[in-house]
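The values are calculated or read from the model by the stated rules, or taken from the named source; none is laboratory data. None of these values were measured; they are calculated from a predicted model. FYI the Cβ positions are ideal-geometry reconstructions off the backbone, even for glycines, and counts take in every protein chain you see. Calculation scope for accessible area: heavy atoms of the full protein, side chains included, ligands and nucleic acids excluded. Shrake-Rupley method; radii C 1.70, N 1.55, O 1.52, S 1.80 Å.
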Amino acid sequence: MTLAGATVSSGRSAPPGTRPGARGGPPARSGAGAWFLVLPALIPILLLSVVPIVYGIALAFTDAQSGRTRSIQWIGTLNFRDLLHDGLFWESFRIGLVWAVGVTVPQFVLALGLALLLNENLRLRWLARALAIVPWAMPEVVVGIMWRLVYNPDAGILNETIRDLGLGDGRDWLTGLATALPAVILVGVWAGMPQTTVALLAGLQNTPHELHEAAALDGAGAWRRFRTVTWPALRPVALSITALNFIWNFNAFALVYVLTNGGPGGRTRLPMLFAYEEAFRYGQFGYAAAMGCVMVAVISVILAVYLAGRLRGGEDR
């Protein structure tokens, strides 16, 4: 018997696994219901992410090639042993690390300055914020084509400006051995800075304004307020976005492919470009899959060391 939602006990004990007065079935049934709700999102992840990764790892231990009619043979670690002696691959790996660090560090520094500026109460701040994310909204192929026009040796904006200022006749930035990689890094910084800016700006806006006011009343200057109030609040965001940027930049493909296609002389041949050529130009699918496994393993170790050091540094503070 119930009165206004209150249950009068009839002397019966509650079934095992249920709480008195609790609605719904036992925990096992609720757990099954939760898995049923997650399943529609889990199936695409399994089919489009987990299965290809497992297949790629398995392919690295085979002699899979394009255009072969015989069955794929299991060759064990032969592809990995060949990689250890492949100087071209490790040179591309070195270039990839230079590219990833060269893009990630300036990207973060410039984005932090821009986020601090956009966080101030400026006139037309909404317009500045909208313009700041324009490069992020552009596809990488479009960005690459646009910057190829900027770097054009004959009619590019950059060389035309150099000539107008009387600083020389300009140069071919994307085909010069000394200028190709710095030129591509500059494009990478420009294209990826908006997403870092947005993440840091969100972190700045979540910092309580009262902390800045209290620090200012205590006589703290701008730099001290940044070091003692702003940066501690931004540290988790900075750690996450820096790690993600490093992964994205190291795995870059489309932007560099459109700009230089890995040239000149392999000076901008990133690891992803090298693996792409091995797989789709030379048809060495097993060897390219082994490259992918090595890249994932090495980058995972580098990121683990980086994140452990940053987190340990945060705890020491």
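Overview of results
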quantity	calculated
Which listed residue is assigned to a helix (DSSP H, G or I), of a type in the set (A, V, I, L, M), at pLDDT 90 or above and open to solvent by 70 Å² or more (accessible area, probe 1.4 Å), from L88, L97	L88
Residues of the range 212-251 classified as under 26 Å from A128 (Cα atoms) and among the aliphatic types (A, V, I, L, M), total	9
Pairs where the first residue, in the range 121-135, is under 15 Å from L204 (Cβ atoms) and the second is at pLDDT 80 or above and hydroxyl-bearing (S, T, Y), C-beta under 9 Å, 6+ apart	R129/T197; A132/T197
Residue within the range 225-245 that is open to solvent by less than 20 Å² (accessible area, probe 1.4 Å), polar (S, T, N, Q) and under 26 Å from P139 (Cα atoms) present	yes
Enumeration of residues in the range 130-141 that are in a helix (DSSP H, G or I) and open to solvent by 70 Å² or more (accessible area, probe 1.4 Å)	L131, W136, A137, E140, V141
Odd one out for A275, checked against (1) within 16 Å of the chain's Cα centre (by Cα); (2) surrounded by 12 or more Cβ atoms within 10 Å (Cβ to Cβ); (3) of a type outside the set (K, R)	(1)
Members of the range 278-315 that are open to solvent by less than 60 Å² (accessible area, probe 1.4 Å) and of a type in the set (D, E, K, R)	E278
Of the criteria (1) open to solvent by 20 Å² or more (accessible area, probe 1.4 Å); (2) in contact (Cβ under 8 Å) with a residue 24 or more places away in the chain; (3) more than 18 Å from the chain's Cα centre (by Cα), which one Q195 fails	(3)
Complete set of residues in the range 147-157 that are open to solvent by 70 Å² or more (accessible area, probe 1.4 Å) and assigned to a helix (DSSP H, G or I)	R148, L149, I157
Residue within the range 243-250 that is in contact with a Gly (Cβ under 7 Å, 6 or more places away or on another chain), over 15 Å from L97 (Cβ atoms), touching a residue at least 12 places away in the same chain (Cβ under 8 Å) and not basic (K, R) present	no
Enumeration of residues in the range 55-78 that are open to solvent by 90 Å² or more (accessible area, probe 1.4 Å) and either modelled with pLDDT under 90 or over 14 Å from A288 (Cα atoms) (or both)	T69, R70, I72, W74
Flag for I157 being in contact with a Gly (Cβ under 6 Å, 6 or more places away or on another chain) and of a type in the set (V, I, T)	no
